[in-house]
Amino acid sequence: MAPHSDNALVVQSDLTVLAEVHAPRYEEARDALARFAELVKSPEHVHTYRISPLSLWNAATTGMTAAEVIDALEAHARYDLPSNVRSEVTEYLSRWGRLRLLPAPNPGEPLRLEVRDEQLAARMGSDDRLAPLLQGRLAPDVWAVPLGARGTLKQALLKLGFPVDDQAGFTPGAAHDFALREVTLGNQPFALRDYQAEAVRIFLQGGVGTAGGHGVVVLPCGAGKTVVGLAAAAALKTRTLVLATSRPAARQWLREALDKTSLSEDDVGEYNGTTKRIRPFTVATYHIVSHRRRKGSGGEYPHYSLFDSEDWGLIIYDEVHLLPAPVFRITAQLQARRRLGLTATLIREDGKEGDVFSLIGPKRYDVPWKEMEARGFIAQAACYEIRLDLPESRQWAYATATEGHEAFRIAAENPDKLLAALELVRGHAGERILVIGHYVSQVSELARRLKAPLLTGETSTAERERHFQAFRDGDERLLVLSRVGNFSIDLPSASVMIQVSGLFGSRQEEAQRLGRILRPKEGTAIFYTLVTRGTVEQQYALNRQLFLTEQGYRYYIEEWARDGAAAPPVDPAPPIVPALALPALPD
């Protein structure tokens with residue numbers, strides 16, 4: 001058949017879809033794809049999407065059918081669809097709805113799992129992974145499910161390739177009436193942005209019944225995920241528990257709650273190692289709730305009681321892609337509570353995206369980073385990878401390193417990075433700069449040479465907040481951070497990030513660090529990452545950058561020599577960024 005030249009999509013037999021950005025019908029095709037496919041790469045000219053079981057089941061939760069998916073592909077495909085695409089889309093989507101989890105007939109009785117598949121129903125009782133999670137057969141196609149097995153059963157069935165349509169409903173939780181402000185405490189007008197309101201609406205799906213109230217909202221760093229969480233809680237008007245990544249992140253949630261809602265100081269509480277203040281709106285950290293006692297000293301996870309201490313109507317999981325295993329475990333038992341996951345990326349380096357789907361819920365809302373940038377909701381950004389040689393004095397140690405992590409650390413702690421960071425800071429004099437690294441010894445030396453405050457995990461929360469506030473006020477314009485700077489620090493004026501080392505090939509970390517400088521501002525935010533040329537660190541850097549490259553960001557490569565003039569850039573900078581003037585590294 002002759003190709004449809006105006007159509008943007010090339011659908012391939014491996015369920016990947018290529019979208020030509022410059023095709024006349026690209027935008028229409030992109031909007032159609034976004035409903036049932038995952039964006040994998042988005043460079044300048046051709047974007048790559050993947051149709052996966054999870055992406056199809058996410059679409060199914062919105063009511064989309066196999067016929068609608070196939071019709072959308074055919075409407076926008078340049079060539080005929082490979083025959084297997086129709087059959088695989090139909091097969092995967094047919095699995096949605098075969099398993100429905102229904103409410104108990106009476107309070108305290110088991111839930112009911114309705115199995116609309118004779119072969120699967122016959123398999124249920126004999127499968128060693130499923131049988132312990134069931135409580136007997138109520139009818140040929142209905143199994144009894146203990147209340148406490150709701151989450152674990154969904155996990156197990158998803159691993160077998162069968163998602164569960166959980167319609168068992170939620171407990172309403174204790175009521176607590178509060179609302180969003182129209183004017184903040186700082187006397188600034190406040191209203192939800194259109195995409196924030198849409199995210200809340202889609203998450204709640206009416207706020208009652210069984211369809212809404214569980215799932216994940218994906219928004220870029222700096223796009224206001226915290227506001228989405230507050231708006232959902234205010235709409236439900238219920239007691240809310242927030243789980244955050246750190247104490248500074250918890251304090252940020254509390255500040256935002258007081259600033260943008262009618263909650264009072266008496267309504268909000270913080271639960272951590274030193275403070276156990278439980279209130280209608282309580283914020284705790286993943287660390288405290290997953291804290292494990294030493295063997296023989298009583299309950300294994302002493303702070304799990306927080307989840308039962310109040311009749312929570314909503315639990316919010318901030319940075320849900322970082323959910324630790326112990327919190328997954330308790331979440332499996334909390335399926336009767338409404339659950340909202342917030343994240344900039346659902347990528348998990350451990351591959352447990354399916355557990356997020358099963359235990360928190362499907363992805364309800366997602367906006368590409370570059371779309372947010374184009375609308376001015378996050379800053380325009382340029383990313384540079386600065387490559388440096390490993391000094392001769394370190395090359396023998398690197399070559400003879402017997403462990404991979406040892407070689408990586410030698411490359412990551414390249415002493416020339418200190419000199420390069422010093423020059424970059426001088427080159428951005430007057431701007432607000434964050435310098436961040438993985439190794440405390442490395443950032444400690446940097447802080448000493450830069451005569452800048454150093455904030456690490458050992459820095460008290462009060463001391464960190466003092467420096468963060470001084471940075472916001474403009475009294476300090478340079479901070480050196482360890483990994484504590486990865487998450488949920490609110491420094492909207494930061495415009496330059498210099499990354500001297502990271503956690504191996506973590507895409508999550510790369511995205512979070514760029515996110516620290518993406519709060520809306522005039523001009524372009526600049527993200528530098530310093531990499532030792534020709535080493536394992538350079539290989540890891542390629543993986544780290546993958547997620548941001550997929551979001552449409554480009555890394556401009558600069559080679560930095562120790563002697564003589566800096567090498568010309570491998571990839572010239574975009575017009576929006578002035579050419580870098582990289583001095584030679586001193587001997």
query = Of everything in region 135-148 that's of a type in the set (A, V, I, L, M, F, W, C) and closer than 11 Å to R112 by Cβ, which residue is most open to solvent (accessible area, probe 1.4 Å)?
reply = L138
remark   = Scanning region 58-78 for residues that are under 20 Å from the mean Cα position of the chain (by Cα) and either open to solvent by less than 10 Å² (accessible area, probe 1.4 Å) or among the β-branched types (V, I, T) (or both) gives A59
task = At least 1 residues that are in contact with a Leu (Cβ under 9 Å, 6 or more places away or on another chain) and surrounded by fewer than 20 Cβ atoms within 10 Å (Cβ to Cβ) in each: list the strands (runs of 3 or more DSSP E) lying fully within region 446-544 that qualify.
result = none
message = Among the residues that make up region 355-370, is at least one of them open to solvent by 20 Å² or more (accessible area, probe 1.4 Å), acidic (D, E) and outside any helix (DSSP H, G or I)?
response = yes
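So which residues in region 14-42 are open to solvent by 80 Å² or more (accessible area, probe 1.4 Å) and either in contact (Cβ under 8 Å) with a residue 12 or more places away in the chain or assigned to a helix (DSSP H, G or I) (or both), if there are any at all?
H22, P24, E27, E28, D31, R35, K41, listed by residue number.
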key: Residue among L340, L323 that is among the hydrophobic types (A, V, I, L, M, F, W, C) and either open to solvent by 10 Å² or more (accessible area, probe 1.4 Å) or at pLDDT below 90 (or both)   = L323
request  = Filter region 390-410 for residues that are among the charged types (D, E, K, R) and either in a loop (DSSP other than H, G, I, E, B) or surrounded by fewer than 12 Cβ atoms within 10 Å (Cβ to Cβ) (or both) and give the result.
outcome  = E392, E403
task = Look at region 83-115 and say how many of its residues are under 20 Å from G63 (Cβ atoms) and of a type in the set (S, T, N, Q).
result = 2
key: helices (runs of 4 or more DSSP H) wholly inside region 112-215 containing at least 3 residues that are closer than 30 Å to V268 by Cα and in contact with a helix residue (DSSP H, G or I) (Cβ under 6 Å, 6 or more places away or on another chain)   = 194-204
inquiry  = So L130 ticks every box in (1) open to solvent by less than 40 Å² (accessible area, probe 1.4 Å); (2) modelled with pLDDT of 95 or more but one. Which box is left unticked?
reply    = (2)
ask   = Being at pLDDT 90 or above, open to solvent by less than 60 Å² (accessible area, probe 1.4 Å), within 22 Å of L204 (Cα to Cα) and under 25 Å from the mean Cα position of the chain (by Cα), is that true of even one residue in region 285-308?
value = no
query = List, please: which pairs have Cβ atoms under 7 Å, are six or more places apart or on different chains, and start with a residue in region 324-351 that is at negative phi and end with one that is among the aromatic types (F, W, Y) and part of a loop (DSSP other than H, G, I, E, B)?
reply = P326/Y301; A336/F170; R337/F170; R337/W312; R338/F170
Cβ pairs under 7 Å, 6+ apart, first in region 455-474 and among the small types (G, A, S), second surrounded by fewer than 18 Cβ atoms within 10 Å (Cβ to Cβ) and outside any helix (DSSP H, G or I) = A470/E476
ask   = Out of (1) more than 22 Å from I347 (Cα to Cα); (2) at pLDDT below 90, what's the single condition that is false for T65?
value = (2)
message = closer than 16 Å to Y528 by Cα, in contact with a Gly (Cβ under 6 Å, 6 or more places away or on another chain) and among the aliphatic types (A, V, I, L, M): is that true of I498 in this structure?
response = no
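Return yes when T226 is part of a helix (DSSP H, G or I) and either of a type in the set (A, V, I, L, M) or within 28 Å of Y301 (Cα to Cα) (or both) and no when it is not.
Considered against the rule, which asks whether it is part of a helix (DSSP H, G or I) and either of a type in the set (A, V, I, L, M) or within 28 Å of Y301 (Cα to Cα) (or both), T226 comes out as yes.
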task = From the list E265, E256, pick out the single residue that is in contact with a Ser or Thr (Cβ under 9 Å, 6 or more places away or on another chain), more than 24 Å from E458 (Cα to Cα) and open to solvent by 10 Å² or more (accessible area, probe 1.4 Å).
result = E256
inquiry  = Testing P107 on (1) open to solvent by 50 Å² or more (accessible area, probe 1.4 Å); (2) modelled with pLDDT under 95; (3) closer than 28 Å to G212 by Cβ; (4) under 32 Å from the mean Cα position of the chain (by Cα), one condition comes back false. Which one is that?
reply    = (4)
request  = Scan region 165-209 residue by residue and report those that are on the phi > 0 side of the Ramachandran plot and open to solvent by 30 Å² or more (accessible area, probe 1.4 Å).
outcome  = N187, Q205, G206, G209
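The values are calculated or read from the model by the stated rules, or taken from the named source; none is laboratory data. What you see is a predicted model; the values in this text were computed from it and never measured. Neighbour counts are summed over all protein chains in view; Cβ atoms, including those assigned to glycine, are modelled from backbone coordinates with ideal geometry. Just so you know, the surface numbers come from the protein's heavy atoms only, side chains and all, with ligands and any DNA or RNA stripped out. Shrake-Rupley method; radii C 1.70, N 1.55, O 1.52, S 1.80 Å.
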